[in-house]
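These notes are about the structure you will find just below.
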Amino acid sequence: MSPTQIVVLVLVVLVVAALVAVAVTASRRRALRQRFGPEYDRVVAEQDSRGAAERELRDRERRHAELELNPLTPESRATYAAAWEELQVRFVDSPAETVSEADELVSRLIAERGYPTGDFSEQIAHLSVEHARTLTHYRDAHEIRLANERGEAGTEELRQALVHYRSLVADLLGDEPVGRQLPGQHHPDRPNDDVTTR
């Protein structure tokens with residue numbers, strides 16, 4: 001083999017290796033984007049680089065794999081669904097208290113599933129692996145609950161918090177726990193209906 005052929009062969013091998021590396025990186029990136037959805041973009045925006053963000057997301061996957069998650073029994077799922085329905089009904093009479101109770105219900109549900117419930121940011125990191133599409137709802141509900149504790153949340157914000165919590169509860173239960181209508185929302189067939197419907 002001539003020196004020119006050897007150089008060409010080495011260049012071809014290097015180009016193929018580079019293409020394989022790019023393909024593997026693109027495949028991993030695509031898998032992370034699919035798994036984490038909007039959370040992928042959020043983490044990329046928060047980190048110094050896309051590589052750092054992707055390392056963080058892979059680290060979340062690793063830590064999540066170490067958790068001992070429990071599926072809910074049908075009885076437990078029914079209990080949470082009933083508790084959620086009761087919260088929605090109580091919202092009309094006591095919105096501020098209901099939002100706090102919704103947060104407590106979510107914390108109990110998260111704990112029963114096997115997720116850590118201590119630090120909120122760690123909670124978010126663990127939940128992001130399987131429930132990334134509802135994390136924006138959880139963050140928004142959490143912010144409104146904190147504003148509520150400071151006395152800075154109005155009734156509309158509290159209603160919105162309940163809508164956000166409902167999205168996470170539905171995701172954690174694996175289905176829509178109760179009817180989609182909340183107090184204050186009007187069903188087109190029942191314009192004066194101010195209570196939760198099934």
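Taken together, the values in this text are just the output of simple stated rules run on the coordinates, not laboratory data. Here the structure is a predicted model, which is why all the values come from computation and not from measurement. Note that we place each Cβ from the backbone using ideal geometry, even for glycine, and neighbour counts take in every protein chain shown.
With Rg/Rh (Cα atoms, Kirkwood Rh) as the read-out, I listed (1) 1.04; (2) 1.19; (3) 0.97; which label goes with the value calculated from this structure?
It is the value labelled (2).
Can you compute 3J(HN,Hα) from phi for each residue in segment 80-96, using the Karplus curve 6.51 cos²θ - 1.76 cosθ + 1.60 with θ = phi - 60°, rounded to whole Hz and x for Gly and Pro?
My calculation for segment 80-96 gives 5, 4, 5, 4, 5, 4, 5, 4, 4, 5, 5, 4, 4, 8, 8, x, 5 Hz in order.
For the chain, calculate the relative contact order in percent as a whole number, restricting contacts to Cα pairs under 8 Å that are 6 or more residues apart.
Once divided by the residue count of the chain, the mean separation gives 21 percent.
Taking the Cβ of each residue in E152, E68, E54 as the centre, tally the other Cβ atoms inside 10 Å and list the residues starting with the fewest.
E68, E152, E54
Grab the beta carbon distance between E56 and D119, set R0 = 25 Å, and tell me the FRET efficiency rounded to 0.05.
0.95
HN-Hα J couplings of segment 138-153 from phi, Karplus 6.51/-1.76/1.60, θ = phi - 60°, integer Hz, Gly and Pro as x?
5, 4, 5, 4, 4, 4, 5, 4, 5, 4, 4, 4, 8, x, 10, 10
Taking a ≥ b ≥ c as the square roots of the Cα gyration tensor eigenvalues, with a/c under 1.5 meaning rounded and otherwise prolate when a/b beats b/c, else oblate, which class fits segment 53-134?
It comes out prolate by the Cα gyration axes.
Name the residue, out of Q123, Q47, Q88, whose mean-square fluctuation peaks in a Gaussian network model built on the chain with Cα pairs under 10 Å.
Answer for the Gaussian network model of the chain: Q47.
Please work out whether segment 3-65 counts as rounded, prolate or oblate from its C-alpha gyration tensor, where a ≥ b ≥ c are the square roots of the eigenvalues and a/c under 1.5 means rounded, while otherwise a/b larger than b/c means prolate and anything else oblate?
Verdict is prolate for segment 3-65.
Helix-derived [θ] at 222 nm for the chain: sum -39500 (n - 2.57) over DSSP H runs of at least 4, divide by residue count, nearest 500?
Details: 8 runs with 141 residues, N = 198.
Only helices count here, giving -24000 deg cm²/dmol.
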